[in-house]
Amino acid sequence: MPETIKKVEKTDAEWREILTPDQYYILREKGTERAFTGALVNNHDDGIYRCGACGAELFPSGTKFESGSGWPSFWDPINPGAITLHEDKSYGMRRVEATCTACGGHLGHVFPDGPAPTGQRYCINSASLAFEKKAE
């Protein structure tokens, strides 16, 4: 049975108060950080990747892989309901946008060129994520 996702709603002013300018631009205005600049691109620690805005669990570290794209890439979310997918026709392209189901924050995009078993590549902005390292 899918996990129930608790919705997080805040005003624009509240988001601006708790997010850095970069996080706000990416999570709330659907921006993108430059490739290979994100703090979590080369993170290889064991743990959980959470939404950088609301803290919802999004990806287990075991699904992260090196895609060479310049952004953290994952082949599967922590549970099917954690990520919501939307058609994105911006910039004259046709892509699939990934957002946090809990708060609606923009995470990145999903492409059908990932590894088995899903074949998916969740290409996610580091600024959209918070990493919680597994306790040793």
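The values are calculated or read from the model by the stated rules, or taken from the named source; none is laboratory data. What you see is a predicted model; the values in this text were computed from it and never measured. We place every Cβ from the backbone using ideal geometry, glycine too, and count neighbours over all the protein chains shown.
Candidates are the residues of segment 85-110 that are under 19 Å from GLN23 (Cα atoms) and polar (S, T, N, Q); the one that is surrounded by the fewest Cβ atoms within 10 Å (Cβ to Cβ) is THR99.
Any residue in segment 83-90 that is over 30 Å from ALA135 (Cβ atoms) and touching a Ser or Thr at 6+ places or on another chain (Cβ under 7 Å)? Yes; the residues of segment 83-90 include at least one that is over 30 Å from ALA135 (Cβ atoms) and touching a Ser or Thr at 6+ places or on another chain (Cβ under 7 Å). Contact annotation: residue pairs with Cβ atoms under 6 Å, 6 or more positions apart or on different chains, pairing a residue in segment 16-34 that is of a type in the set (S, T, N, Q) with a partner that is outside any loop (DSSP other than H, G, I, E, B), are GLN23/ALA127. Looking only at residues in segment 72-84 that are crowded, with 18+ Cβ neighbours inside 10 Å and of a type in the set (Gly, Ala, Ser), the one that is nearest to LYS6 (Cα to Cα) is ALA82. State the number of residues belonging to segment 113-136 that are in contact with a strand residue (DSSP E or B) (Cβ under 8 Å, 6 or more places away or on another chain), within 23 Å of CYS54 (Cβ to Cβ) and outside any strand (DSSP E or B). Residues that pass the stated criteria total 4.
Selection within segment 31-71: residues that are under 22 Å from LEU85 (Cα atoms) and among the aromatic types (Phe, Trp, Tyr). The member of this set that is surrounded by the most Cβ atoms within 10 Å (Cβ to Cβ) is TYR49.
Number of residues in segment 1-55 that are assigned to a strand (DSSP E or B) and among the aromatic types (Phe, Trp, Tyr): the value is 1.
Every residue, every condition in (1) aromatic (Phe, Trp, Tyr); (2) without any contact (Cβ under 8 Å) to a residue 60 or more places away in the chain; (3) touching a strand residue (DSSP E or B) at 6+ places or on another chain (Cβ under 6 Å); (4) on the phi < 0 side of the Ramachandran plot, yes or no:
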site: GLY55; (1), (2), (3), (4): no, no, no, no
site: ILE78; (1), (2), (3), (4): no, yes, yes, yes
site: GLY92; (1), (2), (3), (4): no, yes, no, no
site: THR99; (1), (2), (3), (4): no, yes, yes, yes
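Is it fair to say SER73 is within 23 Å of PRO112 (Cβ to Cβ) and either over 12 Å from the mean Cα position of the chain (by Cα) or modelled with pLDDT under 95 (or both)? So SER73 fails the test.
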